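The values are calculated or read from the model by the stated rules, or taken from the named source; none is laboratory data. Bear in mind that the values here come from a model prediction, so they are computed numbers and not experimental data. So basically every Cβ, Gly included, is an ideal-geometry build from the backbone, and we count neighbours across all protein chains shown.
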Amino acid sequence: MSPGKRSKHSAGFKIKVIQFAKENGNCAAARMFDIGGSSIREWKKNEMTIINMPKKCALRKGVTKWPILEESVANWVLENRQNGFNCNKKQCTFIRLKMVKKECK
C-alpha cells in the first residue's frame, strides 16, 4: 500500500475485495487492490453491514454532536442562497463560531 493519503471506497469495491480475500487471502488482496491489510480485516468483520448497504455508499457512523447548531447553519445557508448570496466553507465556519459564542454568553 502506498503511504500517505487516505482514500474512501464504495461498498461495491469493498465487496469485491472481501470476495477476493476469501479466495486468495488477505495479503494477496492487499497487494492486488493496493489496500492495507487492516482495512480488509475490518471490512471482513463488517461484511454483512457492507453487503446490506447501497453499493455506492461508504460506511458512515454516528450522529451529529450539535444537531441544533447544524440546523441553524443550514437555515442560514438556505436563506442566503435564496437572497442570491454565495456561501463557502469559510463563511459557514465563521457563522458556526459566531453562533456558538452567542449561545455561550
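State which residue pairs qualify: first residue closer than 18 Å to residue 9 by Cβ and inside the range 21-32, second residue modelled with pLDDT of 95 or more and among the aromatic types (Phe, Trp, Tyr) in any location, beta carbons under 7 Å apart, and separation of 6 or more residues or different chains.
The qualifying pairs are 29/20; 32/20.
Please find, among 66, 43, 76, the residue that is at pLDDT 90 or above, among the aromatic types (Phe, Trp, Tyr) and within 23 Å of the chain's Cα centre (by Cα).
On the way: 66 fails: at pLDDT 90 or above; 76 fails: within 23 Å of the chain's Cα centre (by Cα).
That would be 43, the only listed residue that is at pLDDT 90 or above, among the aromatic types (Phe, Trp, Tyr) and within 23 Å of the chain's Cα centre (by Cα).
Could you tell me how many of the residues in the range 86-96 are modelled with pLDDT of 90 or more and farther than 22 Å from residue 64 by Cα?
Count: 0.
Tell me the helices (runs of 4 or more DSSP H) entirely within the range 33-105 that contain at least 2 residues that are closer than 30 Å to residue 22 by Cα and in contact (Cβ under 8 Å) with a residue 24 or more places away in the chain. Give the steps one after another, and end with the answer.
Numbers: elements: 37-45, 47-52, 67-82, 89-104.
Output list reads 37-45, 47-52.
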